[in-house]
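Enquirer: Attaching a single structure in structure tokens format; questions to follow.
The values are calculated or read from the model by the stated rules, or taken from the named source; none is laboratory data. Remember, predicted model here, so these are calculated numbers, not experimental data. Note that each Cβ is placed from the backbone with ideal geometry, even for glycine, and that neighbours are counted across all protein chains shown.
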Amino acid sequence: MSSSKELIKAIKDKGKSLEGEMSFFEHLEVLRWHIIRTVIAIIVFAILAFSFYDFVFNDIIMGPKNLDFWTYRMMCKVGALLHLDGFCVERIPFNIISTELTGQFMLQINSCLLMAVALGFPYLLFEIWLFVKPALTDKERRSARGFVFYATILFALGALFGYYIVVPLSINFLANVSLSSEITNQITIDNYLSTIATLTLGCGIVFLLPILVFILSQLGLMTPQFMRASRRYAIVIILIIAAVITPSADVITMLTVSAPMFILYELSIMVSANVKKNRDQKEKEFYKS
């Protein structure tokens with residue numbers, strides 16, 4: 001009798017194990033289709049960028065190298081208005097070269113793919129949300145409502161800040177660093193494109209800090225008290241970053257670069273405080289009930 005019970009128990013355990021394995025493979029299948037749809041979306045955006053490549057190359061990729069770029073024109077106007085000598089960008093002394101036979105062809109391919117990733121980032125977030133959503137409770141879904149919208153807005157603001165502020169200031173500063181008149185700046189197209197892409201997409205990802213803080217706060221790994229206590233260290237780090245990428249040591253330029261980062265950090269503190277407030281309120285309601 002006991003052996004039959006053990007057999008039945010073993011069959012049930014095996015059934016549960018098979019059910020778990022099937023569930024795991026079903027999740028993999030769902031994830032696979034999310035990845036496939038994301039790849040298809042990126043391919044579509046890449047084809048779109050390829051169709052308008054003259055605009056992509058001349059106005060977007062080569063924009064920060066031209067003196068008539070929007071940022072440089074604004075800097076000249078501000079410099080003239082505030083009587084700041086040297087604030088106007090008058091020269092960007094470097095040439096772009098191709099050192100490989102496939103250099104220009106790969107430039108076209110890589111730039112189209114980078115544009116596709118930037119344009120398809122909101123859809124990528126949407127697919128991530130669709131994959132994670134079924135595993136969330138109703139309360140978690142309500143608390144995470146608007147994730148795709150807010151993440152898209154923050155990423156877009158960060159990418160624009162990176163492209164119109166960080167990229168031109170960095171290019172202007174690095175291009176004008178001269179150790180000797182014997183050295184001529186000949187920049188490869190790969191290095192130039194990677195610099196623009198890294199700074200632009202990097203700023204877009206950095207601007208997702210409030211979203212990251214929201215998730216960590218929900219998990220209990222981040223608190224507003226910790227962020228407030230670390231504010232002075234964050235200020236120092238932000239000022240160092242602003243000082244590195246700005247073309248001059250004047251206060252106005254440093255504040256222009258660092259101000260959005262300060263605002264972002266304070267916004268993250270508010271997000272974390274709001275999460276903690278809601279958690280404390282739910283705990284009080286639980287103990288009262």
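Enquirer: Which one of these does D59 not meet: (1) among the acidic types (D, E); (2) surrounded by 12 or more Cβ atoms within 10 Å (Cβ to Cβ); (3) under 30 Å from S181 (Cα atoms)?
Expert: For D59, the exception is condition (3).
Enquirer: Same structure, new question: May I ask you to say which residue of V89, V78 is modelled with pLDDT under 90, in a loop (DSSP other than H, G, I, E, B) and under 15 Å from Y164 (Cβ atoms)?
Expert: Every option except V89 fails the conditions.
Enquirer: Within the range 28-46, is even one residue surrounded by fewer than 16 Cβ atoms within 10 Å (Cβ to Cβ) and not in a helix (DSSP H, G or I)?
Expert: Taking every residue of the range 28-46 in turn, none turns out to be surrounded by fewer than 16 Cβ atoms within 10 Å (Cβ to Cβ) and not in a helix (DSSP H, G or I).
Enquirer: Could you please find all residues in the range 122-134 being over 15 Å from I35 (Cβ atoms) and surrounded by 16 or more Cβ atoms within 10 Å (Cβ to Cβ)?
Expert: P122
Enquirer: Answer with yes or no whether I215 is within 21 Å of the chain's Cα centre (by Cα) and at pLDDT below 90.
Expert: yes
Enquirer: Here is a follow-up. Which of the following residues is among the polar types (S, T, N, Q) and surrounded by 15 or more Cβ atoms within 10 Å (Cβ to Cβ): T71, T99, T137?
Expert: T71
Enquirer: Could you grab me the full set of residues in the range 255-289 that are over 29 Å from S170 (Cβ atoms), of a type in the set (S, T, N, Q) and either modelled with pLDDT of 85 or more or crowded, with 16+ Cβ neighbours inside 10 Å (or both)?
Expert: Residues satisfying the conditions are S272, N274.
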